[in-house]
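First the structure, in the form of C-alpha cells, and then the observations on it.
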Amino acid sequence: MLKLLKNLGKKEWLFMFLAIVFIIIQVWLDLKLPDYMSEITILVQTEGSNFNEILKNGGFMLLCAFGSLLSSIFVGYFASYIAAMFSKNTRRALFKKVTSLAMQDVKNFQTSSLITRTTNDITQIEMLIAMGMQMLIKAPITAIWAVTKILNKSFVWSSLTAVAVLILLSVVISLMIIVLPRFKRVQKLIDRLNHVTREHLLGIRVVRAFNAEVYQEEKFAKANEDLTNLQLSNQKLFAILSPIMYLVMNGLALLIYFVGAHLIMRASFADKLTLFGDMIVFSSYAMQVIMSFLMLAMIFMMLPRAQVSGKRILEVLETKDELLDGEKTKGTEIGTVEFKSVSFKYPDAEEYLLSDISFKANRGETVAFIGSTGSGKSTLINLIPRFYDVTKGSVLVDGIDVKEYQKESLNNKIGYISQKAVMFHGTIESNVKFGNNGKGKITDQKMKEAIEVAQAKEFVSKMDETYHSSVSQGGTNLSGGQKQRLSIARAIAKDPEIYIFDDSFSALDYKTDATLRKALKKYTKNATCFIVAQRIGTILNADKIIVLEHGKIVGMGTHKELLSSCKVYQEIAYSQVSKEELENA
C-alpha cells in the first residue's frame, strides 16, 4: 500500500512533515500535564504551600491543554488535506490507467470491479489516511515517550503495564489474522453486488418484458445477503475488542492504585507523599500508554480493509500495458491498409478466430466484409485501430505496422463507428464534436456538414434546441437509427483518412441507408472505407467484397464476381434478395 504514496505531491509531503511536527508538540504537551498534576498534588498535601504556586501550575496545565487542542486542529486539517489529495490523484491515475488498458484486460477485471476499485477501494484508504494517520504517528510516539517517563518509577507498576500491553497486542494480532482474509472476500462481494445491480439496470427492458423482476430481486438479495452476513461477522469480531480494551485499561488503573496503597502503607512517613505523587503520575502515564494502544487498535480495525483495497488498486495500476505505444506519427503512404498473413486468437482461446488473412485496401476504395455470424468480421476490423494486437502477421496502415505508431497518431487517421452506437451525456454538438481529430478544433460548419451527410439533419432540426439539444446518458432519448446516424456524423466530422463502419447501418431503413451511402460515397471519395454488413444491399457497390467463413477468406472480389464464383456469398445473397434483382443490381 506504501507504493500508492507516490501519488502524493510536494505540498502533501510538506503537510505530512508539518503534521508530524504538530503531533510531537501535542504529545509533549499531553505528557506535561501529569507532571503539573503531580506538582499540584504535592503542593496541596504540603503544609504552608503558596497558593499562587498551585494557581501557576494550574495555569500551565490550561496552557498545555489549549496548545494540545490547537495542535490537534492543525493535524486534523493537514491529514484531511493529504487524504483528499491522495484520493484525487489516485483516482485520476486509476482512471488514466483503465482507459489505456487493452480490451482483454478490461474484460478480465470486469467493469463492475473497476468501478468498485475507483470508488469504494480508494475511499477505504482515504479514510485510513484521514483518521488513521494521526493515530498511527501519535500512538507510538506517545507510548514510547510515556514509557521512558515511568520506567524507573516502580518495577511492579512497570510489570503490570507491560502485562496489560501484551494482552492488548495478543488480542489485536489474533483479530488481524482472522479478519484480514475476510476483508478480501468483502471487496469481492461488493464487486458482485455492483455487477448484479449494473446488469439489472442495463437489461431493465428485457427484465420487464419477461416479467423477471422477482428473479432479479432474488439474485440481488442473495448478493446483498452474502455481503451483509460477512460484514456482520466481521463487526462481531471487532466488537470483542472494545470491552477487552476498557477491561484491561480500568483493570490496570485499579491494580496500580491497589499496589500503590500497599506501598504507601509500608513506606515511612517521609516517603508517603512522594509515593502518592508517583502513583498519580504513573497512573496517568500508564493510561496514556494504554490509550496509545487503544488508538492503534482502532487503526487495526481500519487497516485490514484498506490493505486489501490498496492491493486491488495496485493490481490495476501495475498491470502491464499489452499494447505498447510506438514512436511513428506518419506513414510512407496515404489512406492504405494492408493485412499480411494475419492470424488472431484471444489470449484465453485455444483456436484461432482469424487465420491467414491477406488483402490490401488503397486510398479511395470501399472494402466490405460479409459472412455468417461468428465468422470474425468485427474482430478483423478491430485489429486496424489496435483494440487487439494480431497473434501472427501484421496490419499496415499507410505502409507502417500499427504497432509502430503512436496510439494518438493512429487514432487520428481513423474514424470508427462501432457496432453498438454509443452516445455520451451532453448535447448533439458535444457528441458530434467528440474527441480530438489531430487537426485542430472541429468547427460548427464542419459539424453541420457532418450531420447533413449522415442524414441526421432532418430529426436534429426538429428538436427544440437543434444542435444544442440534450442527449441523455447512453442516448436513451434517441432511437436506434438516430444514434447510428449521429455516430456516423461524429466520424465524418473528424475527417479521417480511414472510415470503419462496423455494421453501422443495421438500424436504418432501406431508403435512409441508400441515401446515406450515396452521400457518403461522394463525401469520402478520397478516404478508405471499411464496411461490415449483414445486408447485401449495403455492400453491392463496394470496390472489394471479402467473404469470411470460420475466420478465413473464402471469397474476394466485386459483387458480380462473387455472385458467379463464391458459393457462400451466393447463399447469403439469395437468402435476402431474389436472383433476378441481384443480377440486375
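Throughout, read-outs are computed from the coordinates displayed, never taken from laboratory work. These numbers were taken from a predicted model, which means no experiment stands behind them. Cβ: placed from backbone, ideal geometry, glycine included. Neighbour counts: every protein chain shown.
Structure notes:
- Point-charge dipole on Cβ atoms (K/R +1, D/E -1) for the range 2-317, about Cα centre, debye to 20: 1480
- The range 337-584 shape via C-alpha gyration tensor axes, a/c threshold 1.5: oblate
- Two-site FRET efficiency, residue 51 against residue 240, from Cβ-Cβ distance with R₀ of 56 Å, rounded to 0.05: 0.70
- Rounded, prolate or oblate (a/c below 1.5 giving rounded, otherwise prolate when a/b exceeds b/c) for the range 425-474 by Cα gyration tensor: oblate
- Dimensions of the range 2-317 based on its C-alpha atoms, expressed as ranges along the principal axes with the largest first, amount to 92, 40, 29 Å.
- Across 420/483; 345/560; 88/439; 413/483; 97/407, pairs whose alpha-carbon gap is larger than 21 Å: 345/560; 88/439; 413/483
- Selection from 256, 488, 84, by position along the positive dipole direction of the chain (Cβ): 488
- Along each principal axis, Cα extent of the range 147-211, largest first, Å: 79, 20, 15
- Every helix of 4 or more DSSP H residues in the chain counts as -39500 (n - 2.57), and over all residues that averages to -21000 deg cm²/dmol at 222 nm.
- Over the C-alpha atoms of the range 326-381, the Rg to Rh ratio, Rh being the Kirkwood estimate, stands at 1.03.
- Applying both filters, DSSP loop and at most 10 other Cβ atoms within 10 Å, to the trypsin sites (Lys or Arg not before Pro) of the range 390-464 gives 441.
- Relative contact order for the chain: 14 percent, from Cα pairs under 8 Å spaced at least 6 residues apart, divided by residue count.
- Angle of helix 444-453 to the longest C-alpha principal axis of the chain, folded into 0 to 90 degrees and rounded to 10: 50°.
- Value of Rg to Rh for the range 13-150 (Rh from inverse mean 1/r over Cα pairs, i.e. Kirkwood): 1.28
- Surrounding net charge for residue 338, when Lys and Arg each add one and Asp and Glu each subtract one, Cβ distance under 13 Å: 0
- Viscosity 1.567 mPa s, temperature 4 °C, Stokes-Einstein D of the chain from Kirkwood C-alpha radius, µm²/s: 43
- Spin-label proximity, residue 439 to the range 399-421 - amide N less than 20 Å from point 7 Å beyond Cα toward beta carbon: 399, 406-418
- Residues of the range 208-232 with an amide N closer than 12 Å to a point placed 7 Å from the Cα of residue 185 along the Cα-to-Cβ direction: 226-232.
- GluC sites (Glu not before Pro) restricted to DSSP loop in the range 438-474 with at most 14 other C-beta within 10 Å: 465
- Magnitude of the charge dipole, the range 14-137, Cβ model with Lys/Arg +1 and Asp/Glu -1, debye to 20: 1040
- Modelled FRET efficiency - R0 60 Å, residue 577 with residue 119, Cβ distances, 0.05 increments: 0.70
- An oblate overall shape is assigned to the range 401-448, the ratio a/c of its alpha-carbon gyration tensor axes (a ≥ b ≥ c) being 1.5 or greater and a/b not exceeding b/c.
- The length gained by stretching the chain between residue 514 and residue 212 to full extension, at 0.36 nm per residue less their Cα-Cα distance, is 104.8 nm.
- The range 317-392 versus the range 497-547: alpha-carbon centroid distance in Å: 19
- Remark: spin-label model distance residue 100-residue 258 equals 6.3 nm, labels positioned 7 Å along the Cα→Cβ axis.
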